[in-house]
């Protein structure tokens, strides 16, 4: 089986090469300094913001490795439970999800490391099932690439069952479930992170258990949204072993994909080809 996206495949699921499949090669690695890192989102000017489930603050990481802390009001020190993060640069909204508390917090913040984040809204997200299998990943979808034509938050439920859904960025209304084709579920035994590709508008979602990143096209089908697999990219480290504890995904403006691993708090770049 040939190499896919610069990484040696881990599993035996064969994914046909389809038009629109992104191609990557391994690039640089950035240290975030975040203990038990749980998710990452892209910021303007090639920076990233990383959260951890034991910290009531986030880390802003520059492309040169420079780091700054951002306080996140409204979290209990040492028990933030943060598992997902997403940023809307147009409206200046930072979203974080608390898995066990089953809620999403929205902060007003302009993306500047010298500015303070202000908590302006909380909304409940009842994912059902075990509390440790709740909302594990967030992604913000702008209206110009959203399958609904309106801005949405994408919620990735880890498991029991694995689910993706869309909810208005205001938190109002009922979540719209995404009907995933069986090929997506075949390559992802769980869901650990999600992000939107700025080049194609496709969803990229990771599976910690499968050590895989899947590229998924979101399509409108009447009143439903369908998720169709474009490709799967199994992740291996430099020693050829499955990349462990994939917890976050984010794209920079050039379309390079960054994969966050929990134990070492590192961002692994996949340079777009």
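The values are calculated or read from the model by the stated rules, or taken from the named source; none is laboratory data. For clarity, every value in this text was computed on a predicted model and none was experimentally measured. Ideal geometry is used to build each Cβ from the backbone, glycine not excepted, and the neighbour counts take in all protein chains shown.
Return the total of residues in the stretch 66-112 being farther than 17 Å from residue 39 by Cα and touching a residue at least 60 places away in the same chain (Cβ under 8 Å).
Total satisfying the criteria: 1.
Residues in the stretch 208-221 that are surrounded by 17 or more Cβ atoms within 10 Å (Cβ to Cβ) and part of a loop (DSSP other than H, G, I, E, B): how many?
Result for the stretch 208-221: 3.
In the stretch 222-253, which residue that is touching a helix residue (DSSP H, G or I) at 6+ places or on another chain (Cβ under 8 Å) and part of a loop (DSSP other than H, G, I, E, B) is modelled with the lowest pLDDT?
253
Can you tell me which residue among 97, 142 is within 18 Å of residue 249 (Cα to Cα), within 19 Å of the chain's Cα centre (by Cα), surrounded by fewer than 20 Cβ atoms within 10 Å (Cβ to Cβ) and modelled with pLDDT under 95?
Every option except 142 fails the conditions.
Looking only at the stretch 257-273, which residues are crowded, with 19+ Cβ neighbours inside 10 Å and not in a strand (DSSP E or B)?
262, 265, listed by residue number.
To keep it simple, each residue is scored yes or no on (1) buried (at least 21 other Cβ atoms within 10 Å of the Cβ); (2) on the phi > 0 side of the Ramachandran plot; (3) in a strand (DSSP E or B); (4) within 17 Å of the chain's Cα centre (by Cα).
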{"site": "160", "(1), (2), (3), (4)": "no, yes, no, no"}
{"site": "170", "(1), (2), (3), (4)": "no, no, no, no"}
{"site": "189", "(1), (2), (3), (4)": "no, no, no, yes"}
{"site": "198", "(1), (2), (3), (4)": "no, no, no, yes"}
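Looking at 205, 178, which one is part of a strand (DSSP E or B), buried (at least 24 other Cβ atoms within 10 Å of the Cβ) and at pLDDT 95 or above?
That would be 205, the only listed residue that is part of a strand (DSSP E or B), buried (at least 24 other Cβ atoms within 10 Å of the Cβ) and at pLDDT 95 or above.
Within the stretch 59-90, how many residues turn out to be within 17 Å of residue 46 (Cβ to Cβ) and at pLDDT below 90?
Final tally of qualifying residues: 3.
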